[in-house]
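Take a look at the structure below.
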Amino acid sequence: MDVPATVIVGAQWGDEGKGKIVDLLAQDSDLVCRYQGGPNAGHTIVVGDETYKIRQIPSGVIAGKTSVIGAGCVVDPQVFLAEVDELESRGISTADVHVSGEAHLIMPWHVAIDQASERRLGKLQIGTTRRGIGPCYADKAMRLGIRVQDLLDPKILRQKIEVALAEKNVWLERVYGVEPLELEELASRLEECAQRIRPYVADTSLLVDGALRGGREVVLEGGQGTLLDLDHGTYPFVTSSATVAANAATGIGIGPNRIDRVVGVAKAYVTRVGAGPFPTEIQGPAQERVRELGAEYGTVTGRERRCGWLDLVALRYAVRLNGITSLALTKLDVLSAFAELPVCVRYRLRDGSEAEDFPAHQSDFHSAEPVYETVPGWEEPLDGELPEAARGYVEFVERALGVDVALVGTGAERERIVARS
Ligand code: IMP
């Protein structure tokens, strides 16, 4: 699969195994860029005996590619530096990592407010990763944010911290009843981070544009997944940025006509972390079985992921929202344990009607019941060429969606992938 400007987007609720697909496509590309999200994303990449878990830096860094954190991202300076240290200590250079000066900084008060607000919501909580993502994007929209470029000038940085903290401490103390943050300690910690981050700050829109003009191959990597998109996802159980492919252009600062391909990544089943409706969530012991076989625990939070059967209604919606031109279906090997595989082909709505298209109204989605077709399993390990029933499963998905499945993942390691076209 060649890659001029290719977007790789999660087609479900995140954790689809995008890291592995990015890692694969990165081998033939020059730049790997993230366009939204922050350290709420977690990528696991297995190379030989080494497992890398990275959250903030694009996963292309492992393949030694130019790595870009775009303007649409939010950056936690401490997480970023911890990752830099971890990668460098394992022999992976971060010299070619570039962070947009327009990206916003996740400050300690964003993390404190995310945690306090979730606690306060109690049963109604979103189940966020508690990494400060929502409060940081909220401040960006409020025009109160502190940006990566503010790290370049100690005086401006100090001033912005002072102004913001004066207000945030009122919130922390009076609204959430938690300890306020201490200005001097926080300012000096950030100044230390600033000194180390300065060399990474760049005009990343210009950098990516120059690369595309020079005929270099660029991968634009989405964080989270389509159903967590702020506008089109399962609001309010979503993240606070636009995860869909169109935002790759905005989030990096290039024109939408520069994007040639959109690769949707979907698991051969579905997982979801956090709260919110999930029509195909598996009832009974099979859910635990899928979780164990698929090691479905969060990369960032370690939380158990909820597991469900493949949902073609939701996947059809992801194809539409992103303009997906081909799919990568990951973790097919996890389904090898089952003799029969239910696949959701339609939803039954509360008025008794059945729909192939994702409901536009939240209440319809909340009450949607899955209508399954059962396809035969293969009950043998996947290694090399796919057995007939596994091919049948993949072709079932292709027929239902009218999109080719170009790649099939059959295990965690880099080489456990079957290219179909
Ligand atoms: P936030 O992005 O931390 O604000 O969390 C909002 C919602 O998005 C929660 O349901 C999280 O579990 C979910 N979420 C955020 N990042 C990821 C991810 O990388 N994978 C899966 N779910 C995520």
Original post:
Can you give the convex hull volume per residue for the Cα atoms of the chain, as a whole number of Å³?
Top reply: 138
Original post:
So which residue, out of 272, 143, 258, gets the largest mean-square fluctuation from a GNM of the chain using Cα contacts under 10 Å as springs?
Top reply: 143
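As an exercise, use a Förster radius of 60 Å and the Cβ-Cβ distance of residue 153 and residue 351 to find the FRET efficiency, rounded to the nearest 0.05.
Details: r = 59 Å, r/R0 = 0.98.
Using R0 = 60 Å, I get an efficiency of 0.50.
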Subject >> Whole-number D in µm² s⁻¹ for the stretch 264-407, Kirkwood Cα-pair radius fed into Stokes-Einstein, 25 °C, 0.890 mPa s >> reply: 155
**OP:** Go ahead and collect, in residue order, the members of the stretch 314-349 whose backbone nitrogen is under 19 Å from a label point 7 Å along the Cα-Cβ direction of residue 385.
**Re:** 333
Original post:
Taking the Cβ of residue 278 as the center, what net charge do the other residues with Cβ under 14 Å away carry, scoring Lys and Arg +1 and Asp and Glu -1?
Top reply: -1
Original post:
Of 307, 193, 33, which has the largest mean-square fluctuation in a 10 Å C-alpha GNM of the chain?
Top reply: 193
Original post:
Which one of 48, 80, 17 is farthest out on the positive end of the charge dipole of the chain, using unit charges on Cβ (Lys, Arg +1; Asp, Glu -1) and the Cα centre as origin?
Top reply: 80
Original post:
Which whole-number percent gives the relative contact order of the chain, counting Cα pairs below 8 Å spaced six or more residues apart?
Top reply: 20
Subject >> Neighbourhood charge, 15 Å Cβ-Cβ cut-off, centred on residue 106 and excluding it, Lys, Arg +1 and Asp, Glu -1 >> reply: +3
Original post:
Which whole-angstrom value gives the distance between the alpha carbon centres of the stretch 80-110 and the stretch 255-276?
Top reply: 24
**OP:** Please list the radius of gyration and Dmax for the stretch 21-70, considering alpha-carbon atoms only, with Å as the unit.
**Re:** 10.3, 31
Original post:
For the chain, which whole-number percentage of the solvent-accessible area (1.4 Å probe, protein heavy atoms only) is attributable to carbon and sulfur atoms?
Top reply: 49
Original post:
Quick one: Cα convex hull volume of the stretch 96-214, Å³ per residue?
Top reply: 124
**OP:** Report the charge-dipole magnitude of the stretch 271-421 in Debye, nearest 20, computed about the Cα centre from +1 at each Lys and Arg Cβ and -1 at each Asp and Glu Cβ.
**Re:** 520
**OP:** Take the alpha carbon atoms of the stretch 193-260, find their radius of gyration, then divide it by 2.2 N^0.38 Å using N residues; give the quotient.
**Re:** 1.35
**OP:** For residue 267, go through the lysines and keep the ones whose alpha-carbon is under 29 Å away, minus same-chain ones fewer than eight residues off.
**Re:** 18, 20, 53, 65, 123, 331
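Report the gain in length on full extension from residue 415 to residue 162: 0.36 nm times residue separation, minus Cα-Cα distance, nm rounded to one decimal.
Details: separation 253, 0.36 × 253 = 91.08 nm, distance 5.03 nm.
Computed gain between residue 415 and residue 162 is 86.0 nm.
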Original post:
Plugging the Kirkwood radius over Cα pairs into Stokes-Einstein for the stretch 24-161, at a temperature of 4 °C and a viscosity of 1.567 mPa s, what D comes out in µm²/s?
Top reply: 81
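Please work out the FRET efficiency for the pair residue 235 and residue 173, using the Cβ-Cβ distance as r and a Förster radius of 30 Å; give the result to the nearest 0.05. It would help to have the intermediate numbers written out before the result.
Values: r = 30 Å, r/R0 = 1.00.
For R0 = 30 Å, the calculated efficiency reads 0.50.
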Original post:
Roughly how tilted is helix 154-170, in degrees to the nearest 10 and between 0 and 90, from the longest Cα axis of the chain?
Top reply: 70
Subject >> Within the chain, helix-based [θ] at 222 nm, where runs of 4 or more DSSP H residues each add -39,500 (n - 2.57), nearest 500 >> reply: -9500 deg cm²/dmol
**OP:** Considering the options 161, 219, 177, tell which one lies farthest towards the positive end of the dipole of the stretch 159-225, charges being +1 on Lys and Arg and -1 on Asp and Glu at the Cβ, about the Cα centre.
**Re:** 219
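Just how large is the dipole of the chain about the Cα centre, in debye to the nearest 20, putting +1 at every Lys and Arg Cβ and -1 at every Asp and Glu Cβ? Walk me through the numbers before you get to the answer.
Working: 45 positive and 61 negative charges, 187 e Å.
Dipole size: approximately 900 debye.
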Original post:
Distance from the Cα centre of the stretch 33-56 to that of the stretch 363-421, in angstrom?
Top reply: 24
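Would you please calculate the Kirkwood hydrodynamic radius of the stretch 210-346 over all C-alpha pairs and express it in Å, rounded to one decimal? Please list the in-between numbers first.
On the way: mean 1/r = 0.0609 Å⁻¹.
The Cα-based Kirkwood calculation yields 16.4 Å.
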**OP:** Have a look at 59, 240, 117 and tell me which one the Gaussian network model of the chain (Cα, springs below 10 Å) gives the largest fluctuation.
**Re:** 117
Original post:
Between the helical axis of 77-89 and the dominant principal axis of the chain, each derived from Cα atoms, what acute angle in degrees is found, rounded to the nearest 10?
Top reply: 70
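With every protein chain left in place, what is the accessible area per residue of the chain in square angstrom, probe 1.4 Å? Let's see the in-between values first.
Numbers: 17360 Å² over 421 residues.
For the chain, the solvent-accessible area averages 41 Å² per residue.
The values are calculated or read from the model by the stated rules, or taken from the named source; none is laboratory data. The model shown is predicted, which means the values in this text are computed figures rather than measured ones. When we count neighbours, we look across all protein chains shown, and the Cβ atoms used for this are built from the backbone with ideal geometry, even at glycine. Ligands, DNA and RNA are stripped out before the accessible areas are found, and what is left, the full protein with its side chains, is counted by its heavy atoms. Shrake-Rupley method; radii C 1.70, N 1.55, O 1.52, S 1.80 Å.
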